[in-house]
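Presented below is the structure to which this report refers.
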Amino acid sequence: MRKALRWLLALAVFIGTLSTAGAATAAQPEATGTGDIKDRLLSIPGMSLIEEKPYTGYRFFILNYTQPVDHRNPKAGTFQQRITVLHKDVSRPTVFYTGGYNVSTTPSRREPTQIVDGNQVSMEYRYFTPSRPAPADWSKLDIWQAASDQHRIFKALKPLYDQKWISTGGSKGGMTATYYERFYPRDMDGVVAYVAPNDVVNDEDSAYDRFFTSVGTKECRDRLNAVQREALVRREPLEKKYEAYAAENGYTFKTIGSLDRAYEAVVLDYVWGFWQYSLLSDCESVPADAKTASDDDIWTSVDTISGFSFYTDQGLEPYTPYYYQAGTQLGAPTIHFPHIEKSHVRYGYQPPRNFVPRDIRMSFQPWAMRDVDTWVRQNANHMMFVYGENDPWGAERFRLGAGARDSYVFTAPGANHGARVAGLVDTEKNLATAQILKWAGLSAPTVAEAKPLASFDAKLDRRMPERGLRP
């Protein structure tokens, strides 16, 4: 019965996708002409300029685009969604990027954009401020509505940027690019999804526990585990330090419920956070003997990696849309701590519900990720997934099935949540680069000679780990 219901729900979503795609885009006329690129962008109905920022070799626009709150019922209200356009030339391919959170208003270039030497359109995810309807109907924050936002932006811009398009994103953005492809598989010519988790069954998280028994080296694991345990053993004095820190900065704990809950959440993120954002070589910065380390040393190590400000009301508020989605569709990991006595762990890994204000209703939809996973296994075409060997989020990843065509899953050795094509072993790096060029309608002399077409730019191409996702 549950299986039948799941497939009926998946079918309903698919039918909804087909029936509303035309309605959502029917009002978009073609942007014609050969005038100034800013004029052509602003000739698109619903597009307005916030600011243009100069950058050598490009034009960079920060824009608002009018979107329906509900793509199934476009008459039910609209909101302004912020996007940016890094314009190179309409004759170049275009990369469609989303990080799954707020959009940066500083010019930047994602790896596929550098590889194809193209334009880049970046989208702020719905319900991240300022791209939030007012009042906010949280039931309209789901992966299909967000994919439909991307679809409308693509349809509006495609007449102007009429060459090949590739979607990309890292972390929640990699998930977003995958969901977009699932619901609108005819839009993009290729997908490059970086470090994208795939929590198919939310209650089955043993893959994460296995990951933490083998990642890195035993010496590093032991150091991290010891500091994490010691932070809970010294809970009383360190919570007094936390209380003073919160008072000094005006931090409150209404959403999570108490300072004690917030303290434990930060500490339990410590090991995960290290492997997500650090490298094995960074283990040298972790106290070698936690038992003899000072309270300040334990505090500093945990604060540097996990951040004691994060689970405050002020730290959680910008991430409310993420935790809402984690608790309604995306899923969230639950891991165990065999190196810590149960008497020291009061709450364990807390669910996303604890990080969202209680006046926002939430109900989990277990079929959402199963549907996407099944679709990727059976239908992936021109899709590439790149993971980091030491990134905990890669413990549950997308995998390809017999129905996949011209699609790949790569793992960058020793890499964290900032894994890139450039970090793959040479044969895989060359293959991945060649495929991205091919999907963009370009070519390399041979696979072995495939290289990014644009030179590295220290400002545009900063290689930072994708931040945002928290366990």
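The values are calculated or read from the model by the stated rules, or taken from the named source; none is laboratory data. If you're wondering where the values come from, they're calculated on a predicted model, not measured in any experiment. Backbone-built Cβ (ideal geometry, glycine too); neighbour counts: all protein chains shown. When the accessible area is computed, the model is the full protein with side chains, heavy atoms only, and any ligands, DNA or RNA have been set aside. Shrake-Rupley method; radii C 1.70, N 1.55, O 1.52, S 1.80 Å.
Numbers below:
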read-out	value
Extension reserve of the N249-E449 stretch, reckoned as 0.36 nm per residue once the Cα distance is removed	66.7 nm
Segment 206-304 pair-distance distribution - Cα-Cα, 5 Å bins, rounded %	2, 12, 24, 22, 17, 12, 8, 2
Check: segment 382-437 dipole with +1 on Lys, Arg Cβ and -1 on Asp, Glu Cβ, in debye	120 debye
At R0 = 60 Å, FRET efficiency that the Cβ-Cβ distance of R234 and N379 yields, to 0.05	0.70
Accessible-area ranking of V267, V345, largest first, probe 1.4 Å	V345, V267
Sites V425 and T106 - FRET efficiency at Förster radius 22 Å, r taken between beta-carbons, to 0.05	0.10
Residues of type aspartates and glutamates that K291 reaches as a straight line, Cα spacing below 19 Å, ignoring anything fewer than 8 places off in the same chain	E219, D222, E230, E236, E239, E264, D303, E341
Relative intensity, log₁₀ I(q)/I(0), of segment 316-381 from a Debye sum that treats every alpha carbon as a point, q = 0.14, 0.19, 0.22, 0.26 Å⁻¹	-0.59, -0.84, -0.93, -1.05
Paramagnetic reach from A207 (point 7 Å along Cα→Cβ, amide N under 15 Å) across segment 377-405	377-378, 385-401
CD proxy at 222 nm, helix term only [per DSSP H run n ≥ 4: -39500 (n - 2.57); per residue of the chain; nearest 500]	-11000 deg cm²/dmol
Length released on extending from S214 to S363, taking residue separation times 0.36 nm less the Cα-Cα span	50.2 nm
Separation in nanometres of the label points that stand 7 Å from Cα toward Cβ, at K38 and R405	4.4 nm
Cβ-placed point charges (K, R +1; D, E -1), dipole of the chain about Cα centre in debye, nearest 20	1300 debye
Residue-span extension gain [S258 to D295] - 0.36 nm each, minus C-alpha spacing	11.2 nm
Restricting segment 186-225 to trypsin sites (Lys or Arg not before Pro) in coil, as DSSP defines it, with at most 13 other Cβ within 10 Å	R186
Cross-link table K53/K459; K88/K155; K158/K438; K240/K342; K88/K140; K158/K459, entries beyond 25 Å C-alpha to C-alpha	K88/K140; K158/K459
Relative pair counts by distance (%), Cα atoms of the chain, 20 Å bins	23, 56, 20, 1
Directionally averaged projected area (convex hull, Cα atoms, segment 266-401), nm²	11.0 nm²
For D406, solvent-accessible area (1.4 Å; no DNA, RNA or ligand), Å²	50 Å²
Only Lys, Arg (+1) and Asp, Glu (-1) charged, at Cβ; segment 331-471 dipole about Cα centre in debye	480 debye
Charge sum, other residues only, whose C-beta stays under 13 Å from A395's C-beta, Lys/Arg counted +1 and Asp/Glu -1	-4
Protection proxy ranking of 102-108, 438-444 - average other beta-carbon atoms within 10 Å, highest first	438-444, 102-108
Charge-dipole axis of the chain as Lys and Arg at +1 and Asp and Glu at -1 on Cβ define it, positive-most pick from L279, P45, Y101	P45
Anchor K38: aspartates and glutamates whose Cα lies under 19 Å away (excluding residues fewer than 8 positions away in-chain)	E30, E51, E52, D89, D162
